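What follows is a short report on a single structure.
The values are calculated or read from the model by the stated rules, or taken from the named source; none is laboratory data. Keep in mind that this is a model prediction, so the values were computed, not measured. Backbone-built Cβ (ideal geometry, glycine too); neighbour counts: all protein chains shown. For the accessible areas, the whole protein counts, side chains as well, though only heavy atoms, and no ligand, DNA or RNA atoms are used. Shrake-Rupley method; radii C 1.70, N 1.55, O 1.52, S 1.80 Å.
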Amino acid sequence: SAAAWARVAPPGEVSSVLSLADLRAGWLETGRKALPGTPSALEFHALAQTLAKAEREGLSALQARHASAARAARAGARVLTGRAWVAPEQASTLVTAVALPEGMAAAQVLAVAEPGHGLSAGVGPEGERLIRLNHTGVRARRAVVLEDLAVLTRALGRLGHRVDPGAVLFAASGAGA
């Protein structure tokens with residue numbers, strides 16, 4: 001539908017090899033004579049596996065799992081730093097942006113955080129003031145969110161930010177249910 005295409009290709013979108021908008025312009029609107037470019041076979045296999053996995057879990061269950069992980073991550077982050085970066089109704093269920101305490105930078109936090117977690121620096125103009133908690137796909141699980149919050153709590157503690165780790169995990173545990 002026209003409304004769906006408007007969501008797929010909003011004005012000003014940057015072209016991508018995986019862009020549905022590019023496929024529309026270069027294939028659908030030209031009579032489907034030849035695909036514009038050659039997509040990677042591995043990407044199609046990965047897409048097929050991902051879609052099959054999502055179908056097995058069910059869309060409602062998948063969305064509920066991600067929403068639960070997001071609630072848990074945000075509740076723990078609020079206790080950890082005392083504030084939310086964005087209002088819950090404006091936030092994605094795939095990642096939580098944690099506003100760092102005043103004077104701390106994402107690079108400092110990541111330098112002292114244990115490896116092997118779902119933490120990364122924020123992106124954009126304010127990115128250095130944020131840590132992103134990744135709770136997408138298989139990471140959208142309570143145990144993963146709690147571990148990431150524990151890693152972040154310890155890292156902030158190493159930089160002088162004091163908070164009760166039990167309170168952070170308790171808030172996250174109660175909110176994700």
*Helix 142-158 versus the longest principal axis of the chain: what angle, 0 to 90°, nearest 10, using Cα atoms?*
50 degrees
_Coordinate range along principal axes, alpha carbons of segment 73-128, Å, largest first_ = 31, 25, 24
*Between the helical axis of 165-175 and the dominant principal axis of the chain, each derived from Cα atoms, what acute angle in degrees is found, rounded to the nearest 10?*
40 degrees
_Connecting C-alpha atoms closer than 10 Å in a GNM of the chain, tell me which of Leu20, Leu110, Leu156 has the biggest fluctuation._
Leu20
*Mind checking the per residue accessible area of segment 62-141 for me, 1.4 Å probe, whole number of Å²?*
49 Å²
*Looking at segment 1-119 from every direction and averaging, what is the projected area of its Cα convex hull in nm²?*
11.4 nm²
*Under a 10 Å cutoff between Cα atoms, tell me which one of Glu102, Glu114, Glu29 has the largest fluctuation in the Gaussian network model of the chain.*
Glu29
*Would you work out what percent of the accessible area of the chain, with all protein chains in place, is carbon or sulfur (probe 1.4 Å)?*
61 percent
*asked:* Nothing charged except the Cβ atoms of Lys and Arg (+1) and of Asp and Glu (-1): what's the magnitude of the dipole of the chain about its Cα centre? Round to the nearest 20 debye.
replied: 340 debye
_On Cα atoms only, tilt of 41-57 relative to the major axis of the chain in degrees_ = 60 degrees
